[in-house]
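Colleague: Would you mind keeping the following structure in view while I ask a few things?
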Amino acid sequence: MSIEAGKTGVIVTDIQGDFTTWKKGSLAVDGADRAFVQKVQNATGTLAKEGCLVFGIQDWHPANHVSFFTNHPGKQAFEVIKIEGKTQVLWPPHCIQGTENARGLVDNNLFMAIVKKGKDPRYDSYSGFQDDGGTETEMDSILKRNGIEKVIVYGLATDYCVKATAIDAATAGYNVTVVEGLCKGVAPDTTKSALKEMKKNGITVLKELNSKKI
């Protein structure tokens, strides 16, 4: 099945300085170096030329965000705590609104729209469709407005924002493909289980981009 112009959307997930080793990010994902970002840039450009509509999601946190360990006295980065019954991983401060490393690294001209997530200081937001408090972003309405039926999801990180975004897209009724080779994960074990979980949710996982299979 080939790409249908105007029917397939691309969701480029969190390709931001703070998640890359290239930019020495505060929450850099192993392997997210300059070459990886260039690979994502090239693939996104190719998909745009083939008729896909490109959308982005971007972490955009206030400095007092609940996920930052620095906002929890006595806690350390990567500790897991409970807040109002919800499990919360505590991260180093990252992608703070208006900072250099919150900027996206893929050419802005490729995107029809970029959805900013994690703006509410009370809730984490791994998915581009909703935050952990259940508040929806504009992603679903933007895709529907543009007649999108299939989405290709990739970016950072496989085991967090890519997984959450892809599963929410599938739940919303989209035909979803994740390109593993255009993603990097935080940890091998959680990445492996994320790929398995995505497949269980009816998501197609491709090793590399191949428009003939999309």
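Colleague: Can you work out the PRE-style zone for LYS86? Point 7 Å along Cα to Cβ, and I want the residues of the range 118-145 with backbone N under 12 Å.
Modeller: Zone members listed by number: 118-127, 130-136.
Colleague: Taking the range 1-72, how much of its Cα-Cα pair set, in percent, is spaced more than 13 angstrom apart?
Modeller: Values: 1826 of 2556 pairs.
Beyond 13 Å sits 71 percent of the P(r) for the range 1-72.
Colleague: Same structure again: When the Debye formula is applied to the Cα atoms of the range 94-155, each taken as the same point scatterer, what base-10 log of I(q)/I(0) results at q = 0.19 Å⁻¹?
Modeller: Log10 of I(q)/I(0), two decimals: -0.88.
Colleague: Quick one: which residues, 5+ away or cross-chain, put their amide H under 5 Å from the amide H of ALA113? H built at 1.01 Å from N.
Modeller: Here GLY56 satisfy the definition.
Colleague: Please list 3J(HN,Hα) in residue order for the range 188-205, calculated via the Karplus relation 6.51 cos²θ - 1.76 cosθ + 1.60 where θ = phi - 60°; whole Hz, with x for glycine and proline.
Modeller: Each residue of the range 188-205 in turn: x, 5, 6, 5, 4, 5, 5, 4, 5, 5, 5, 4, 4, 8, x, 8, 7, 10 Hz.
Colleague: Sticking with this one: What percentage of the solvent-accessible surface of the chain, computed with a 1.4 Å probe over protein heavy atoms, is contributed by carbon and sulfur atoms?
Modeller: On the way: 5010 of 10110 Å².
The value for the chain is 50 percent carbon and sulfur by accessible area.
Colleague: When the Cα atoms of the range 24-108 are enclosed in a convex hull and the volume is divided per residue, what value in Å³ results? Please list the in-between numbers first.
Modeller: Details: hull volume 11.0 nm³, N = 85.
So the per-residue hull volume is 129 Å³.
Colleague: Sticking with this structure for a sec: So if each residue of separation counts as 0.36 nm, and I subtract the Cα-Cα distance between THR171 and ASN146, what length gain in nm does that give? List each step's numbers first, then the result.
Modeller: Details: separation 25, 0.36 × 25 = 9.00 nm, distance 1.84 nm.
Stretched out fully, the THR171 to ASN146 stretch lengthens by 7.2 nm.
Colleague: For the range 166-204 and the range 105-144, what is the separation of their Cα centres, given in Å?
Modeller: Here the answer is 17 Å between Cα centres.
Colleague: Using alpha-carbon pairs under 8 Å, 6+ residues apart, how would you state the relative contact order of the chain in percent?
Modeller: Details: 470 pairs, mean separation 50.9, N = 214.
Relative contact order for the chain comes out at 24 percent.
Colleague: Starting from the Kirkwood Rh over alpha-carbon pairs, what translational D in µm² s⁻¹ does the chain have by Stokes-Einstein at 20 °C and 1.002 mPa s? List each step's numbers first, then the result.
Modeller: Numbers: Rh = 17.1 Å.
So the translational diffusion coefficient is about 125 µm²/s.
Colleague: Return the long-range amide H neighbours of GLY185 (sequence gap of 5 or more, or a different chain), with a cut-off of under 5 Å between placed amide H atoms.
Modeller: Residues meeting the criterion, in which the H sits 1.01 Å from N, are THR158.
Colleague: What residues qualify as long-range amide H neighbours of GLN130, i.e. H under 5 Å apart, gap of 5 or more or another chain, H built at 1.01 Å from N?
Modeller: So GLN130 has HN proximity to THR137.
Colleague: Quick one: putting +1 on the C-beta of Lys and Arg, -1 on the C-beta of Asp and Glu, what dipole do you get for the range 69-166 around its Cα centre, in Debye to the nearest 20?
Modeller: Around 20 debye, computed over the range 69-166.
Colleague: Of the options SER141, PHE129, ALA164, report the single residue whose Cα projects farthest towards the positive end of the charge dipole of the range 128-167 (beta-carbon charges: Lys, Arg +1; Asp, Glu -1).
Modeller: In the range 128-167, that residue is SER141.
Colleague: Could you give the size of the charge dipole of the chain about its Cα centre, using +1 on the Cβ of each K and R and -1 on the Cβ of each D and E, expressed in debye and rounded to the nearest 20?
Modeller: Working: 26 positive and 25 negative charges, 84 e Å.
With only Lys, Arg, Asp and Glu charged at Cβ, the dipole is about 400 debye.
The values are calculated or read from the model by the stated rules, or taken from the named source; none is laboratory data. Values in this document were obtained by computation on a predicted structure and should not be read as measured data. Glycine gets a Cβ as well: all are built from the backbone with ideal geometry, and neighbour counts include every protein chain shown. What goes into the accessible areas is simple: the full protein's heavy atoms, side chains included, and nothing from ligands, DNA or RNA. Shrake-Rupley method; radii C 1.70, N 1.55, O 1.52, S 1.80 Å.
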